[in-house]
1. What is the packing order of peptides 162-169, 273-280, 107-114, 62-69, taking the mean over residues of other C-beta atoms within 10 Å and listing the highest first?
2. For the chain, take the longest principal axis of its alpha carbons; what is the angle in degrees between that and the long axis of helix 278-292, to the nearest 10 within 0 to 90?
3. Out of all DSSP beta bridges with both ends in the chain, state the antiparallel percent to the nearest 5.
4. Any chance you could give the angle, 0 to 90 degrees and rounded to 10, that helix 43-61 forms with the longest Cα principal axis of the chain?
5. Read through the labelled values (i) 49, 19, 15; (ii) 41, 29, 20; (iii) 36, 23, 16 and report the label of the one computed as semi-axes √(5λ) of the Cα gyration tensor in Å from the structure.
6. How many angstrom lie between the C-alpha centres of the range 218-258 and the range 134-187?
7. Which one, 286, 247, 94, has the greatest fluctuation when you compute a Gaussian network model over the chain with C-alpha springs under 10 angstrom?
8. Calculate the FRET efficiency for residue 228 and residue 104 from the Cβ-Cβ distance with a Förster distance of 45 Å, rounded to the nearest 0.05.
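What follows is calculated from the coordinates using simple rules that are stated; it is not laboratory data. Model, not experiment: these values are computed from the prediction. Neighbour counts run over all protein chains shown; Cβ positions are idealised from the backbone, glycine included.
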């Protein structure tokens, strides 16, 4: 998508029509003109498409509330990590003395990769627990797992829902170095967005709860935007938020320091809950969601104003 003005085809300008003995070609309809639709002039049309097309599909699939799960795309499944650990252990045997710097760095990286991998497995377990429970409610289309549709924690979320026999949503984004969507998203609920802000609108639009696993800039961007909407009450409904993995969050995000500096109030820390196990997170989310949403959300309400 170039986002440039639509080019005009002037190759036969003034040379077609009955006077020249040949039939005029049919003109492209505006909505069927790829050059126009990909142009800067059609940006408003594309934005509307990224709102209306997902809305139509969600309504057709009967999805009203989602449990959004964020986290690092770099977290790998346990089986993948174990295979790499085996390869590196074999390589390590080749050296009798000090290990080359590259091998030492890979060993150190592998240690932290193993820590991150634990969260992949726990996200998978939590998703399975939530989906198994949600399937008992209103034909299984309440509290549907929703992720960014990519690898890592996103894959774990969709995988857990798939293994529980439920549907799940994947809100993917087109990027220069994009990866294919994970294979566990329900095909009818897989979307690809061009605009980040439209993707984030859909993360929030039906969110009944949010679970944030360890992640990087993308995870934090999404988390803090939703946290801001909740804190400022631009979202007119309760949204329980779980920060999963106390060690990770307490290692770098110093809420006490923010309170001390006066940049947040002590009450702001009540907007989320730190959890350290799938069961703890499940029990909290189940209780809070049933309290906040005894009935399904309406399509005409609950979105940011």
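1. 62-69, 162-169, 273-280, 107-114
2. It is inclined by approximately 60 degrees.
3. Values: 1 of 23 bridges.
DSSP beta bridges in the chain are roughly 5 percent antiparallel.
4. For helix 43-61, the angle is close to 60 degrees.
5. Among (i) 49, 19, 15; (ii) 41, 29, 20; (iii) 36, 23, 16, the one calculated here is (ii).
6. Cα centroid to Cα centroid, the span is 21 Å.
7. 94
8. Details: r = 41 Å, r/R0 = 0.92.
That gives a FRET efficiency of 0.60.
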